[in-house]
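Enquirer: Questions regarding the structure given below will be posed in turn.
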Amino acid sequence: MGLRVKVLGDWLHEQDLLDDGAKERLHSLSDRLQTDKVMVAFVAEFSRGKSELINAVFFAAYGRRIMPASAGRTTMCPTELGYDPALPPCLRLLPIETRLESQALLEWRLVPEQWTRVDLDVNDPDQLAGAMEKVSEVRYVSQDEARALGFWHDDRPEDNPPVNALGLVEVPRWRHALINMAHPLLKQGLVVLDTPGLNAIGAEPELTVSLIPQAQAVVFVLGADTGVTRSDMAIWREHLATVQSSSAMRFVVLNKIDTLWDELSTPEQIRAQVERQRQETARTLDLPVEQVLALSAQKGLLAKVRGDGKLLSESHLPDFERLLGAQVLGARQAMLISAIDNVVGQLNQQAARTVGVRRRELTEQLSELKGLRGKNQAVIRQMRLRVEREKADFDGSAASVLTVRSAHMKLLREVFKLLGSASIKRSLAELSVMLREPGLKLGVKKAYATGFDNLRGVLGQIQSLETEIHNMLTASFRQLNTEHGFSLQATPPPDTQRFLDDLAAVERSHLQYLGVGNMVQLARKEFSEKLLRALVSRVRSIFETALGELELWNKSLSSQLDSQLRERRKAFGRRIEAIRRIQDAAGGLDGRIDEINALDAHWQQVQARLDALTRELTAHSALAEQGAALPEPAEA
Ligand SMILES: Nc1nc2c(ncn2[C@@H]2O[C@H](COP(=O)(O)OP(=O)(O)OP(=O)(O)O)[C@@H](O)[C@H]2O)c(=O)[nH]1
Ligand SMILES: [Mg+2]
């Protein structure tokens, strides 16, 4: 699909129909097609089978278990699987000690040299599985160190990790793992996040306030053998119950249904029992029952490894894969398709406008030249003087364009300032001071509310600046259109509602996080510092996105004006040149008229080709939308 957009772009470029704004739009679209990711996070209590499910869906082609999955606590650090073509297949691990420093996880991502790298041999399943074992590595540290790392809480002893005979505490060796592999689904932009169970999730605030809330889909795994336990409920409430934004999808997997397979019951009885559990789970978690899938990850994996079709269908693993494909990847595809349609529509409009202007000018020239038939030299000279006067008038009005332009730039600078980091800092100043103070922070919720009110205020200011720019340009374009017969159109500004929604989601995730017993942790400076950094980096990314869209909008407005001014200047040149040639008798009047007719026919063809190319692209999008499904992973 990206290729077709490129074909359209190249062709427009050849026809000199792309202005700078359009070029920019095309560029950012192709960037987006290449880098847009969709994250699916697996979240659950330990030993529910998250890693086994990931094995069954993604790694069965290797003929063995790749991610470690075993009884007890297995995955010790959050593990992200994705694909970055710039890197070789590898596993990167961030040491747990980095927790003692204040940088956010996001910032650690930017310093690859701090990560331990293990190259992966994707053709050797045993080496692969051996390397992945690292995500279960642990270290033994003193209680003080465990406390500093965020794993030991005197106020919640029941959640503390095990202590060995020497009184040392078992903590994860790594803070985060990144796996880079060219798996077909990962190549399509899917990112899978496997998380450790138990309170290990809570120990990394960024997981709760950034990674999980930003995932497009969250899969919550339960055991059919255990039902919904108290700790399952705690995790659900803390991490999933509030993931409610329309863009995020929640699925519940009722795993290990094979534990209910019992030789003494009839298949109907077993089916009925599984169905009852599904209904009950949906009711307990207050979810539509279609979002709850009962399956067996382990039997699904086994069936795929053995090529046992009957067992595979009994495992119901394919149901989960279908859901993941249709809803998650399908949603991403639909989003990209609408982005493509949007850009293609804009390119078409802009190009059609330019073609229209060129053709109208040809028609005008034609009637001008036809009017010269049978006229003498004096009249022709008169005509040339008139065109030259018109051109001088036109150049004179360039001054008023300049005035509008500088007013536009001034407003734009204000926009840029408002969306910059100093403005974010100012908005969150009160909250930062509070979070940086040592001790219990009782007023923190109020400080959050003030901070977010300030941020919303900034977006409100942006909205009114947008309106001001839009009104100003609409008026000025209208005037230019009447004075010079331009077809300028002030496209409406981007809607700030989306950014407000994104801000609201960030606020929700932070408040939710503070609401569930993390207030005590907040008394620790390193912890609250980390929370603050996570907050600032998310707000910054929202503001940066807004800035990018605003820049694009403004660029498309000013380049529209530029290109019509340029076209008009060229047209004056052509008109004067035509009259000059007739004066010099270099080309006969009829010859020139024929030339113009031929040119007009050319532009008519260009217009037809433009419409055909656009239609083809949108038709292709519509087809792709229907066929969004999870492709079979290729052989390893
Ligand atoms: N019987 C049965 N056992 C399963 C199934 N899925 C996973 N298991 C087993 O349950 C145990 C835990 O599975 P994991 O995949 O390690 O669980 P996890 O949720 O990743 O656990 P942590 O990594 O500790 O958070 C392993 O021994 C799996 O083999 C299943 O469908 N049926
Ligand atoms: Mg695991």
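The values are calculated or read from the model by the stated rules, or taken from the named source; none is laboratory data. Just so it is clear, the model here is predicted, and its values are computed rather than measured. Cβ placement follows ideal geometry from the backbone for every residue including glycine, while neighbour counts extend to all protein chains displayed. Just so you know, the surface numbers come from the protein's heavy atoms only, side chains and all, with ligands and any DNA or RNA stripped out. Shrake-Rupley method; radii C 1.70, N 1.55, O 1.52, S 1.80 Å.
Enquirer: Give the accessible area for LEU3 in Å² (nearest 10); use a 1.4 Å probe, count only protein heavy atoms, and leave out ligands, DNA and RNA.
Expert: Solvent-accessible area, nearest 10 Å²: 130 Å².
Enquirer: Of GLN143, ASN160, LEU411, whose Cα points farthest to the positive end of the dipole of the chain (charges on the beta-carbon: +1 Lys, Arg; -1 Asp, Glu; origin at the Cα centre)?
Expert: With unit charges placed on the Cβ atoms, the residue in question is LEU411.
Enquirer: Leaving ligands and nucleic acids out of the surface, order ASP124, ASP286 by accessible area at 1.4 Å, largest first.
Expert: Numbers: ASP124 60, ASP286 130 Å².
Highest to lowest solvent-accessible surface, that is ASP286, ASP124.
Enquirer: Taking all protein chains in place and a 1.4 Å probe, what share, in percent, of the accessible surface of the chain do carbon and sulfur account for?
Expert: Summing carbon and sulfur atoms, their accessible area is 53 percent of the total for the chain.
Enquirer: Here's a follow-up. Quick one: putting +1 on the C-beta of Lys and Arg, -1 on the C-beta of Asp and Glu, what dipole do you get for the range 8-81 around its Cα centre, in Debye to the nearest 20?
Expert: Details: 9 positive and 11 negative charges, 196 e Å.
That gives the range 8-81 a dipole magnitude of about 940 debye.
Enquirer: Stretched out fully, how many nm does the piece from ASP144 to LEU500 gain, at 0.36 nm a residue minus the Cα gap? Walk me through the intermediate numbers first.
Expert: Numbers: separation 356, 0.36 × 356 = 128.16 nm, distance 4.16 nm.
Taking ASP144 through LEU500 to full extension adds about 124.0 nm, to one decimal.
Enquirer: Further, regarding this structure: Rounded to the nearest 0.05, what FRET efficiency is calculated for ARG426 and THR545 with R0 set to 22 Å and r the Cβ-Cβ distance?
Expert: Working: r = 20 Å, r/R0 = 0.90.
With a Förster radius of 22 Å, E is 0.65.
Enquirer: With a cut-off of 8 Å between alpha carbons and a minimum separation of six or more residues, what is the relative contact order of the range 407-507 in percent? Don't jump to the answer; show the numbers that get you there.
Expert: Working: 58 pairs, mean separation 26.3, N = 101.
In percent, rounded to a whole number, it is 26.
Enquirer: Tell me the accessible surface of GLU113 in square angstrom (1.4 angstrom probe, heavy atoms of protein chains only), to the nearest ten.
Expert: Counting only protein heavy atoms, GLU113 exposes about 140 Å² to solvent.
Enquirer: Please go through the residue pairs LYS6/LYS570; LYS23/LYS555; LYS50/LYS187; LYS256/LYS304; LYS425/LYS530; LYS391/LYS555 and name each one whose alpha carbons sit more than 18 Å apart in this structure.
Expert: Numbers: LYS6/LYS570 28 Å; LYS23/LYS555 10 Å; LYS50/LYS187 21 Å; LYS256/LYS304 16 Å; LYS425/LYS530 15 Å; LYS391/LYS555 27 Å.
Correct reply: LYS6/LYS570; LYS50/LYS187; LYS391/LYS555.
Enquirer: For the range 6-100, what does the accessible surface come to per residue with a 1.4 Å probe? Please give it in Å².
Expert: Details: 3550 Å² over 95 residues.
For the range 6-100, the per-residue accessible area is 37 Å².
Enquirer: Between ASP395 and LEU110, how many nm apart are label points set 7 Å from Cα along the C-beta direction?
Expert: Simple spin-label model gives 4.9 nm for this pair.
Enquirer: Continuing with this model, one more query. Hey, what do the phi angles of the range 268-282 turn into as Karplus ³J(HN,Hα) couplings, whole Hz, using 6.51/-1.76/1.60 and θ = phi - 60°, x for Gly and Pro?
Expert: 5, 4, 5, 4, 4, 5, 4, 4, 4, 5, 4, 4, 5, 4, 4
Enquirer: Percent relative contact order of the range 12-155, based on C-alpha pairs within less than 8 angstrom and at least six residues apart? Write out the running numbers ahead of the final one.
Expert: Numbers: 100 pairs, mean separation 31.8, N = 144.
This gives 22 percent for the range 12-155.
Enquirer: A follow-up question, please. When the helix-only estimate is applied to the chain (DSSP H runs of n ≥ 4, each -39,500 (n - 2.57), divided by the residue count), what is the mean residue ellipticity at 222 nm, nearest 500 deg cm²/dmol? Intermediate values should be presented prior to the final figure.
Expert: On the way: 20 runs with 359 residues, N = 636.
Helices in the chain give a 222 nm mean residue ellipticity of -19000 deg cm²/dmol.
Enquirer: Say the dipole of the range 1-110 comes from +1 at the beta carbon of Lys and Arg and -1 at that of Asp and Glu; which of TYR83, ALA61, LEU17 then lies farthest toward its positive end?
Expert: It is ALA61.
Enquirer: Now, a different point. Note the full-extension length gain between GLN279 and LEU412 as 0.36 nm times their separation in residues minus their Cα-Cα distance, in nm to one decimal. Before the final figure, lay out the partial values.
Expert: Numbers: separation 133, 0.36 × 133 = 47.88 nm, distance 5.47 nm.
Stretched fully, the GLN279-LEU412 segment lengthens by 42.4 nm.
Enquirer: Relative contact order for the chain: what is it in percent, counting Cα pairs under 8 Å that are at least 6 residues apart? Present the calculation step by step, with values, prior to reporting the outcome.
Expert: Working: 812 pairs, mean separation 127.3, N = 636.
Dividing the mean separation by the residue count of the chain yields 20 percent.
Enquirer: Moving on. Multiplying the sequence separation of GLN489 and THR363 by 0.36 nm and subtracting their Cα-Cα distance, what value in nm do you get?
Expert: Details: separation 126, 0.36 × 126 = 45.36 nm, distance 2.21 nm.
So the extension gain works out to 43.2 nm.
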